[in-house]
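Engineer: Quick one: this structure, given as structure tokens, is what I'll be asking you about.
Please treat every number below as a calculation from the coordinates, not as lab data. The model shown is predicted, which means the values in this text are computed figures rather than measured ones. All Cβ positions, even for glycine, are placed from backbone atoms using ideal geometry, and neighbour counts span all protein chains on display.
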Amino acid sequence: MGIIDLISASLLLCSLPFFLAGTLGLLRFPDLYCRLHALTKADNLGLGLVVLALMIQADSFQVVIRLLLTWLLVLVAGATVAHLIAHQAQQDGHQPWRR
């Protein structure tokens with residue numbers, strides 16, 4: 001196992017807490033808005049670390065570009081979908097959670 005493999009493995013291991021935090025936020029937070037925020041932020045960062053680990057292992061520059069574009073597409077799509085869900089929830093009368 002080379003140094004590149006160790007770096008990739010450590011990046012993959014570092015992504016796990018972000019995915020777990022996003023899942024935990026989805027299950028534990030009190031309202032839709034908090035859940036959306038936790039899920040999109042944590043999953044995007046976790047996916048970024050996974051993509052970085054895969055980019056290090058990539059054989060060609062074309063694969064690196066494809067991975068980077070895929071991650072950027074997921075970032076834009078996640079933010080857009082979260083905004084649409086939150087906007088529709090607000091129009092339907094769902095109020096943000098207050099203490």
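Engineer: What nm value, rounded to one decimal, do you get for the distance between C34 and D5 when each label is placed 7 Å out toward the C-beta?
Structural biologist: 4.4
Engineer: Relative contact order for the chain: what percent, with Cα pairs under 8 Å and sequence separation of 6 or more?
Structural biologist: Values: 77 pairs, mean separation 31.1, N = 99.
Relative contact order, the chain: 31 percent.
Engineer: Which of these, D59, D31, D43, has the largest mean-square fluctuation under a Gaussian network model of the chain (Cα springs below 10 Å)?
Structural biologist: It is D59.
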